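Beneath this line is the structure, given in structure tokens, with notes to follow.
All of the numbers you see were taken from the coordinates with simple rules; none came from a lab. Keep in mind it's a predicted model, so treat the numbers as computed, not measured. Positions of Cβ are generated from backbone atoms using ideal geometry, with glycine treated the same way; all protein chains shown enter the neighbour counts.
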Amino acid sequence: MSNNWTYFQAQRWASSFLGDHGKDPSAAQFILEMLHDWSMTDLLANNRQPMPEEEATRYQRAITRVVSSEPAQYVVGKAPFFGRKFVVNRDVLIPETETEELVEWVLDSMPADKELKVLDLGTGSGVIGITLALERPKWQVTLSDISAAALKIALTNQRLHGTNLNQVESDLFARLGDQRFDLIVTNPPYVALSEIDEMDPEVLEYEPPLALFASENGLAFYRRLFAAAGEHLTSRGGLFGETGHRQEERIQRLLKELAPSAKIETRHDIAGRMRMIKVTDFD
């Protein structure tokens, strides 16, 4: 890579280099946008500007890391979510489109003008709870996670976005006392251990296993959650969660076993696979 290239030339080199090594060429643009907090319009406006030599060296190193299978979001330490940027590292999952869809479902389903008490269970980087708090200022949101390292990233993101939400280090409800919530939202570990061979190497090598995998064919977390949720939801409270696409029948059987009166609604992706659930009436 030349030290005298413009941003356009540097991006063109990076796209080609990534493609030649079987990686997504769009990472070239993504890294520049994240490093500068640029929009696509900003990037286009700077295309003909010379890239400083020091930055060119950093950019080349970043692209090389992506070629070595490190996710671009971890390389730059940022990831977009719901129109905002969040800090991420290897202690937390990289937020995905399905999680944005979960947030949209929650926002569309729950009243915006009421002071709901909300729990983001297994918050990780905090993207769900912080987004809900920013989109619904009247909601009182608590962030909880079993991982102290993840909660440090969530706190960093709170400071970044100007929120002051309660954070609790807790295994499920262990340190939440007898609190009851109007809404529980979770993107828990739900990947079955039998699916490891099907996963991208980048995910297996870099994303935290604690946030990915669950025993009982990926349903161990939901078994514990369904068994305890009724004691931590208000009478009209509801649970929204992200799930594995192969779990539709099994998760409904599990719910019927543990909470026979509960009602479940599912949401599917464009391929017709279940990816989200809403559960009410845990009485």
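Here are the numbers for this structure:
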{"quantity": "Simple spin-label estimate for Arg246 and Leu134 in nanometres, 7 Å along Cα-Cβ", "calculated": "3.5"}
{"quantity": "Burial order of peptide ranges 201-210, 122-131 (average beta-carbon count within 10 Å, highest first)", "calculated": "122-131, 201-210"}
{"quantity": "Cα centre as origin, Lys/Arg/Asp/Glu Cβ charges: the chain dipole, Debye", "calculated": "440"}
{"quantity": "Expected 222 nm ellipticity per residue - DSSP helices of 4 or more, -39500 (n - 2.57), all of the chain, to 500", "calculated": "-12000 deg cm²/dmol"}
{"quantity": "At R0 = 30 Å, FRET efficiency that the Cβ-Cβ distance of Asp269 and Glu205 yields, to 0.05", "calculated": "0.75"}
{"quantity": "Helix axis angle, 7-20 relative to the chain longest principal axis, alpha carbon, degrees", "calculated": "70"}
{"quantity": "Tilt relative to the chain, helix 27-36 - C-alpha long axis, 0 to 90 degrees, to 10", "calculated": "90"}
{"quantity": "Karplus-derived HN-Hα couplings along the stretch 160-171 (A = 6.51, B = -1.76, C = 1.60, θ = phi - 60°), whole Hz, x at Gly and Pro", "calculated": "4, 9, x, 9, 9, 8, 5, 10, 9, 7, 8, 8"}
{"quantity": "The stretch 4-89, relative contact order in percent, only Cα pairs under 8 angstrom and at least six apart counted", "calculated": "30"}
{"quantity": "Relative contact order, percent, the stretch 87-280 [alpha-carbon distance under 8 Å, six or more residues apart]", "calculated": "20"}
{"quantity": "Positive-end residue of Leu134, Leu172, Leu204, charge dipole of the chain with Cβ unit charges", "calculated": "Leu134"}
{"quantity": "Fraction of beta bridges assigned by DSSP in the chain that are antiparallel (%, nearest 5)", "calculated": "45"}
